[in-house]
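Down below is the structure, laid out as structure tokens.
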Amino acid sequence: MYSGYITDVPGIKVGHCQSQEGMTGCTVIICEEGATGGVDVRGSAPGTRETDLFKAEKMVDKVHSVVLSGGSAFGLDAASGVMKYLEENNIGFDVGVTKVPIVASAVIFDLNIGDFRIRPDFNMGYNAASLASVDENRQGNIGCGMGATVGKILGPEYAMKSGLGSSSIKLGELVVGA
């Protein structure tokens with residue numbers, strides 16, 4: 001059934017893990033068979049991992065997971081937990097001797113919202129991956145959206161609370177999600 005969420009794309013699973021005390025979290029999008037995607041990296045200090053693999057000229061043309069995380073650069077650690085989960089489930093790019101999970105990640109700055117000492121880490125990423133489901137469609141203050149804010153161009157005192165969202169569109173048999 002088409003519902004307008006990213007999980008409408010066949011093979012996509014979503015999982016979240018967050019801390020209300022830390023006002024941070026991570027969201028994991030998993031495609032066990034691999035998926036081709038696109039990225040537009042913005043911001044004055046972007047924190048990313050493996051996003052260059054979205055470029056057409058790269059050898060690896062599919063990713064098995066995308067991790068969206070709070071915690072600023074510390075939050076990139078959540079992707080390692082997702083890699084471990086995928087490895088344990090034999091999901092990844094087959095290099096002959098093993099399968100290497102391809103996990104792209106990007107972070108947001110949310111250290112000034114809650115307890116800055118609580119950040120998305122290996123365990124939070126692993127937990128979010130283990131909770132991933134084709135039925136997950138919660139939005140707002142969940143996962144990476146827990147500490148998301150907008151309107152910081154004039155400084156953090158002008159920030160407003162935002163959250164996480166997803167969408168999809170179906171054109172004939174093609175379903176595109178974001």
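Looking only at segment 112-148, which residues are among the hydrophobic types (A, V, I, L, M, F, W, C), out of contact with any Leu (no Cβ under 9 Å at 6 or more places or on another chain) and either within 24 Å of ALA178 (Cβ to Cβ) or at pLDDT below 95 (or both)?
First pass over segment 112-148, keeping only residues among the hydrophobic types (A, V, I, L, M, F, W, C): 113, 116, 118, 122, 124, 128-129, 131-132, 134, 142, 144, 146, 148.
This time we only want the ones that are out of contact with any Leu (no Cβ under 9 Å at 6 or more places or on another chain), so: 113, 116, 118, 122, 124, 128, 131-132, 134.
The answer is ILE113, MET124, ALA128, LEU131, ALA132, VAL134.
Take LEU86 and tell me if it is part of a loop (DSSP other than H, G, I, E, B) and more than 12 Å from LEU68 (Cα to Cα). Considered against the rule, which asks whether it is part of a loop (DSSP other than H, G, I, E, B) and more than 12 Å from LEU68 (Cα to Cα), LEU86 comes out as no.
Taking the listed residues LEU53, LEU111, LEU68, the one that is in a strand (DSSP E or B) and at negative phi is LEU68, with no other qualifying.
Residues checked against (1) assigned to a helix (DSSP H, G or I); (2) open to solvent by 70 Å² or more (accessible area, probe 1.4 Å); (3) farther than 22 Å from GLU88 by Cα:
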| site | (1), (2), (3) |
| --- | --- |
| GLY125 | yes, no, no |
| CYS144 | yes, no, yes |
| SER166 | no, no, yes |
| ILE169 | no, yes, yes |
| VAL176 | no, yes, yes |
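Among the numbered conditions (1) open to solvent by less than 40 Å² (accessible area, probe 1.4 Å); (2) within 21 Å of PRO120 (Cα to Cα), the only one that THR48 does not meet is (1). Cβ-Cβ distances below 9 Å connect the following pairs, each with a first residue in segment 155-175 that is more than 27 Å from LEU111 (Cα to Cα), a second residue that is among the polar types (S, T, N, Q) and not in a strand (DSSP E or B), and a separation of six or more residues or different chains: SER168/SER3; SER168/THR7. Residues that are surrounded by fewer than 19 Cβ atoms within 10 Å (Cβ to Cβ), in contact with an Asp or Glu (Cβ under 7 Å, 6 or more places away or on another chain) and closer than 24 Å to GLY11 by Cα: does segment 53-72 have at least one? Yes, some residue in segment 53-72 is surrounded by fewer than 19 Cβ atoms within 10 Å (Cβ to Cβ), in contact with an Asp or Glu (Cβ under 7 Å, 6 or more places away or on another chain) and closer than 24 Å to GLY11 by Cα. Of the residues contained in segment 104-125, one or more are found to be touching a helix residue (DSSP H, G or I) at 6+ places or on another chain (Cβ under 6 Å), over 17 Å from GLY43 (Cα atoms) and among the charged types (D, E, K, R). Of GLY38, GLY34, GLY81, all but one fail to be on the phi > 0 side of the Ramachandran plot and either assigned to a loop (DSSP other than H, G, I, E, B) or touching a residue at least 40 places away in the same chain (Cβ under 8 Å) (or both); the exception is GLY34. If you go through segment 6-31 and pick out every residue that is at pLDDT 95 or above, open to solvent by 60 Å² or more (accessible area, probe 1.4 Å) and either touching a Lys or Arg at 6+ places or on another chain (Cβ under 9 Å) or in a loop (DSSP other than H, G, I, E, B) (or both), you end up with 2. Selection of segment 92-107 for residues being in contact (Cβ under 8 Å) with a residue 24 or more places away in the chain, surrounded by fewer than 23 Cβ atoms within 10 Å (Cβ to Cβ) and either in a loop (DSSP other than H, G, I, E, B) or among the hydroxyl-bearing types (Ser, Thr, Tyr) (or both) yields GLY92, ILE102.
Restricting attention to segment 32-42, the residues that are open to solvent by 50 Å² or more (accessible area, probe 1.4 Å), more than 14 Å from VAL176 (Cα to Cα) and not aliphatic (A, V, I, L, M) total 4. When we screen ILE169, ILE102 for residues that are over 17 Å from the mean Cα position of the chain (by Cα) and more than 22 Å from THR24 (Cα to Cα), the only hit is ILE169.
The values are calculated or read from the model by the stated rules, or taken from the named source; none is laboratory data. If you're wondering where the values come from, they're calculated on a predicted model, not measured in any experiment. Cβ coordinates were reconstructed from backbone atoms using ideal geometry, including for glycine residues, and neighbour counts include every protein chain displayed. Side chains included, ligands, DNA and RNA excluded: accessible areas come from the protein's heavy atoms. Shrake-Rupley method; radii C 1.70, N 1.55, O 1.52, S 1.80 Å.
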